[in-house]
Amino acid sequence: VQFVTYRRSVKGRFNGIETCGYSGAIRMTDSENTLPRQLSPDVLSALQGVRFIAQHIKDADKDNEIVEDWKYVSMVLDRFFLWVFTLACIGGTCGIIFQAPSLYDKRKPIDQELSDIPLRKNNFLVPTDYLNQLENPYI
C-alpha cells in the first residue's frame, strides 16, 4: 500500500505530496479524512482541489463568525454612545437655557416700561378706549 498525504501551509494551500513506500493501492490521507481507493492522478488532483475548496469554505465560515461577533460588539457600543450623546445634548441644552440671565431678572421689561399702549394683566388685547382714540384723534 502506498500512502499519499497532502500537507497544508499556514494559509491552507497544499505544499507537497509525501509518499511512503509500500506496494499496492494508493491511499489518500488528509488530517480529517482517509479515503482508501485505487485512484488515477487526475482524480487525485480533483480530490485535492475539492478538499482545498472545502477547507477554504470552512475557513471563510470561521472568518464570517468572527466578523458577525465584531458587528454585534459594534452595535452594542453604537447604542451605548448614542445614549451618552443624547444625554450630553440634553444636559448641555438645559445648562445653556438655565444660565440665561432673563430667567433670573425680576425687572419690568423695557417694552412694557416705554410703551404708550397700556396692556392689562393676563390680557394682551389693546383697550377699546385707546383704539377709539386712534380712530378719531380729534375727540
_I want to check the label-to-label distance for L114 and V67. Put each point 7 Å from Cα in the C-beta direction and report it in nm to one decimal._
6.9
*So for the pair N136, D105, with labels modelled 7 Å out along Cα→Cβ, what separation do we get in nm?*
4.1
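D129 to D59: extension gain in nm, 0.36 nm per residue of separation minus the Cα-Cα distance? Could you put the intermediate results ahead of the total?
Values: separation 70, 0.36 × 70 = 25.20 nm, distance 9.06 nm.
In short, 16.1 nm is gained.
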*Return the FRET efficiency for the residue pair L82, A46: r is the Cβ-Cβ distance, R0 is 41 Å, and the value is rounded to the nearest 0.05.*
0.20
*Rounded to the nearest 10 Å², what accessible area does D105 show when all protein chains are kept and the probe is 1.4 Å?*
70
*Express in Å², to the nearest 10, the accessible area of T128 obtained by rolling a 1.4 Å probe over the protein heavy atoms while all chains stay in place.*
100
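The values are calculated or read from the model by the stated rules, or taken from the named source; none is laboratory data. Everything numeric here is computed off the predicted structure, so don't read it as measured data. Every residue, glycine as well, gets a Cβ built from its backbone with ideal geometry; the counts of neighbours run over all protein chains shown. Protein only, heavy atoms only, side chains kept; ligands, DNA and RNA dropped before computing areas. Shrake-Rupley method; radii C 1.70, N 1.55, O 1.52, S 1.80 Å.
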